[in-house]
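Enquirer: Dumping the structure here so I can ask a few things about it.
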């Protein structure tokens, strides 16, 4: 479960991580009251579970309560990558001298933990990793030993922190690691971690993902979930018994079976590297029953995401044969009508595949392109999504 920034901030505070004061607000009037209470310069920040808030106008600096109220009025109700802003956090301002990056995450490949740190923060970490990989220090963390002060200092040195800052940031690294382990998180990220002009190290922004499977150890986590409105697309999928997770990309994915869908995500992400960096927009497993109704529900969810520019349907026919899947797709497009307005790339394989392909070919729907292989389908979907951006 991803947390909102204000929830991450509250967790940080509980573990002793230095943070700025923050007050949540749901109306412009509450934003004004929060600004008056905090005094001085404040920052009004949209509370949504996606990145890119600043570029979308979801973060504004306000010097006066009047400015803060106006900022709240502009941000509340804003759509950011398909997420409507219903709440903001009004945070105290800081005079920033330097921005850093730090995170701890679950390294599933090595069945361990991994810390990432950089003396150069405040930018998207994916961009930094590509354009300046030498600025990012990767440190494998032994889950038994964890991060103590000595390890934290080693991380800071590896990340090229100057000697006079190593002892300043090391305790904060330890505290953030304590959040990670204490809350059964799979990710704790601070970008940026800042040094103020007064010489303080502060977590200015925070992202935390907690493992819902560990909820039995953390009864209070249920309160965090209740405090957050469900993503509308995920809520719609849940209402239709679809296994859906929204991601931050442009290629919608529909498949049958979690393993196939996860493989499809990887192949689309790889293909996207040759087509403007487009990425998968979601995980959607329609299961074994690819009827017209199920397919229509899946397409309705995906096409409701404004970030989606093309859809890749990747199905392996088993108990539900490919001809039934093909009829489901044709029926779904007919049922959706004008709502089906983005290109679909369809790859079928398995039981009755030739009949399935024949049905789709004879339907000759202008939005549908057939692909013989998963690689071909992923490349075509990425190409179409990039062209539509």
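Enquirer: Please identify which residues in region 46-64 have an amide N closer than 16 Å to a label point set 7 Å out from the Cα of residue 248, following the Cα→Cβ vector.
Expert: Correct set: 46-59.
Enquirer: What is the spin-label model distance, in nm, from residue 274 to residue 187 if the labels are put 7 Å beyond Cα along the C-beta direction?
Expert: Those two pseudo-labels are separated by 2.7 nm.
Enquirer: Here's another thing I want to ask about it. In which sequence would 73, 9 go, from the one with the fewest C-beta neighbours within 10 Å to the one with the most?
Expert: 73, 9
Enquirer: Roughly speaking, what is the stretch gain from residue 225 to residue 84, that is 0.36 nm per residue apart minus the C-alpha to C-alpha distance, in nm to one decimal?
Expert: The residue 225-residue 84 span can extend by a further 49.0 nm.
Enquirer: Report the extension gain between residue 200 and residue 110 in nm, rounded to one decimal, defined as 0.36 nm multiplied by the number of residues separating them, less their alpha carbon distance.
Expert: Additional length available on full extension: 28.9 nm.
Enquirer: Here is a further query. By how many nm would the segment from residue 361 to residue 154 grow when fully extended, if each residue of separation counts as 0.36 nm and the alpha-carbon distance is taken off?
Expert: 68.5 nm
Enquirer: Moving on. Rank 297, 159, 140 by mean-square fluctuation in a GNM of the chain with C-alpha springs under 10 angstrom and give only the top-ranked residue.
Expert: 140
Enquirer: In nm, give the distance between the simple-model label positions of residue 134 and residue 372, each being 7 Å from the Cα along the Cα-to-Cβ direction.
Expert: Taking the two extended label points, one gets 4.6 nm.
Enquirer: So, one more: Tilt of helix 322-336 relative to the longest C-alpha principal axis of the chain, in degrees (0 to 90, nearest 10)?
Expert: Compared with the principal axis, the helix lies near 70 degrees.
Enquirer: Further question: So what's the gap between the Cα centers of region 207-269 and region 90-156, to the nearest angstrom?
Expert: Measuring centre to centre over Cα atoms gives 25 Å.
Enquirer: Moving to a separate point now. Go ahead and set up a Gaussian network model of the chain, Cα springs under 10 Å, then flag whichever of 129, 326, 71 fluctuates most.
Expert: 129
Enquirer: Continuing with this model, one more query. What do you get for Rg/Rh over region 247-376 if you use C-alpha atoms and the Kirkwood form of Rh?
Expert: Value, to two decimals: 0.93.
Enquirer: Contact order normalised by length for region 21-92, with contacts defined as Cα pairs under 8 Å and 6 or more residues apart; what percent is it?
Expert: Details: 153 pairs, mean separation 33.5, N = 72.
Over region 21-92, the number comes to 47 percent.
Enquirer: Largest first and in whole Å, what are the equivalent-ellipsoid semi-axes of region 313-389 based on the Cα gyration tensor, each being the root of 5 times an eigenvalue?
Expert: 20, 16, 9
Enquirer: Shifting gears a bit: Between residue 258 and residue 234, what is the spin-label point distance in nm, taking each point 7 Å from the Cα along the Cα→C-beta axis?
Expert: It works out to 1.5 nm between the two label points.
Enquirer: Considering only DSSP beta bridges where both residues belong to region 232-388, give the percentage that are antiparallel (nearest 5).
Expert: Percent antiparallel among DSSP bridges in region 232-388 is about 20.
Enquirer: Using alpha carbons only, what's the Rg to Rh ratio of region 13-57 with Rh from Kirkwood?
Expert: 1.00
Enquirer: Normalising by the residue count of the chain, find the relative contact order in percent from Cα pairs under 8 Å and 6+ residues apart.
Expert: 13 percent
Enquirer: When DSSP assigns beta bridges and you keep just the ones with both residues in the chain, what percent turn out antiparallel, to the nearest 5? Walk me through the intermediate numbers first.
Expert: Working: 47 of 65 bridges.
Just about 70 percent of them are antiparallel.
Enquirer: Over every pair of different alpha-carbon atoms in the chain, take the mean of 1/r and invert it; report that Kirkwood radius in Å.
Expert: Over the chain, the inverse of the mean reciprocal pair distance is 22.8 Å.
Enquirer: Using helices alone, what [θ] at 222 nm do you get for the chain, with -39,500 (n - 2.57) per DSSP H run of 4 or more residues, divided over all residues and rounded to the nearest 500?
Expert: Theoretical 222 nm ellipticity from helices: -12000 deg cm²/dmol.
Enquirer: Among 48, 31, 166, which one shows the highest mean-square fluctuation when the chain is modelled as a Gaussian network with alpha-carbon springs under 10 Å?
Expert: Taking springs between Cα atoms under 10 Å, the residue moving most is 166.
Enquirer: Can you work out the FRET efficiency for the pair residue 66 and residue 96, with r the C-beta to C-beta distance and R0 = 30 Å, to the nearest 0.05? Working shown, then result.
Expert: Details: r = 24 Å, r/R0 = 0.80.
So, using R0 = 30 Å, E works out to roughly 0.80.
Here, each number is a calculation from the coordinates, and none is a lab measurement. Predicted, not measured: the structure shown is a model, and the values here were computed from it. Quick reminder, even Gly has a Cβ in these numbers, built from the backbone with ideal geometry, and neighbours come from all protein chains shown.
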